[in-house]
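The values are calculated or read from the model by the stated rules, or taken from the named source; none is laboratory data. Predicted model, so just to flag it, every value in this text is computed and none were measured. Every residue, glycine among them, receives a Cβ derived from its backbone with ideal geometry; neighbour counts consider all protein chains shown.
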Amino acid sequence: MTDDETFNFTIPKQPPGKPISAEEAERLLLEKLKKCEGEFQAALWDLAYFYSRTDRQQTAQEYLERYIANTDDPEKRASAFLGLGQLMEQTENYEAAISFYRQAFSLEPENTPTWYLINNNLGYCLNQFGRFTEAQGFCQSAIKIDPERHNAYKNLGISLAGQGQFAEAARNYVKALRANAADPRALKLLEQLYEQHPEIAGEIPDIRAQIQKCQQAVSAISDYRKKMNGSQ
């Protein structure tokens, strides 16, 4: 990520094709699992994803565990443990999430997005327990892996704020917004931080101007999304 004043953003695209009901999607995926021996693992993965998106985390976990049991590939196993950790986050079971992320971490995956998310998500979960110093290291590792993604900057900001490093936390919230202003969570954290610690201005004299630019970017992207949704 550059140090200029550009704000980037990423908006998920709607998948092509005609929408179908959740019941129909489940039926098709279960048929795929039965019919396609060559795509058995892919079907397990797709079903786990489907159930996670339809608030059936326990069922999703069962399919991911089957996925792990049916592969010796460390990359695939790491991705599945990452998925299990994400499922635990969805139910706010952060202790279990940390356990799964550490299992994924031990497999040393080479895939950059997987490696990034393991580090970032570990940092996020450790922040939930106030383990800010430990979380900081994982967030910084994630940033080294992919400095263009925004999540780790946000989570690093949380860990720094938890250690009383408020100005540095603010800088990382701004970096998160410059990396992806379509995610407003860092803006809320930045606004709250400055409201609680206005002394940040002593280290960042233009902090108010930076917050305003972040607000404008988030607002502009929100308006853009509304316009695009209205045109569909």
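Any idea which residue in the stretch 89-100 is surrounded by the fewest Cβ atoms within 10 Å (Cβ to Cβ), counting only those that are part of a helix (DSSP H, G or I) and touching a helix residue (DSSP H, G or I) at 6+ places or on another chain (Cβ under 6 Å)?
Ranking the candidates gives 90 first.
In the stretch 182-196 there is at least one residue that is surrounded by 14 or more Cβ atoms within 10 Å (Cβ to Cβ), outside any helix (DSSP H, G or I) and either of a type in the set (D, E, K, R) or in contact (Cβ under 8 Å) with a residue 40 or more places away in the chain (or both). The residues of the stretch 113-136 that are free of Cβ contacts under 8 Å to residues at least 12 places away in the same chain and part of a helix (DSSP H, G or I) amount to a single one, 134. When the stretch 48-84 is filtered for residues that are over 19 Å from residue 98 (Cβ atoms), among the small types (Gly, Ala, Ser) and touching a Leu at 6+ places or on another chain (Cβ under 9 Å), only 48 remains.
Each row is one residue, and each column tells you yes or no for (1) modelled with pLDDT under 90; (2) surrounded by 14 or more Cβ atoms within 10 Å (Cβ to Cβ).
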residue	(1), (2)
12	yes, no
23	yes, no
39	yes, no
52	yes, yes
65	no, yes
68	no, yes
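Condition check ((1) more than 30 Å from residue 131 (Cβ to Cβ); (2) in a helix (DSSP H, G or I); (3) over 22 Å from the mean Cα position of the chain (by Cα); (4) not assigned by TED's automatic domain parsing to the domain that holds residue 116) across all residues:
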site	(1), (2), (3), (4)
41	yes, yes, yes, yes
48	no, yes, no, yes
63	yes, yes, no, yes
66	yes, yes, yes, yes
80	no, yes, no, yes
102	no, yes, no, yes
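Within the stretch 212-231, identify whether any single residue is more than 24 Å from residue 135 (Cα to Cα), β-branched (Val, Ile, Thr) and in contact (Cβ under 8 Å) with a residue 60 or more places away in the chain, and answer yes or no.
The first filter runs over the stretch 212-231 and keeps only residues more than 24 Å from residue 135 (Cα to Cα), leaving 212-231.
The next check asks that each one be β-branched (Val, Ile, Thr); those that pass are 218, 221.
The next check asks that each one be in contact (Cβ under 8 Å) with a residue 60 or more places away in the chain; those that pass are 221.
Yes; the residues of the stretch 212-231 include at least one that is more than 24 Å from residue 135 (Cα to Cα), β-branched (Val, Ile, Thr) and in contact (Cβ under 8 Å) with a residue 60 or more places away in the chain.
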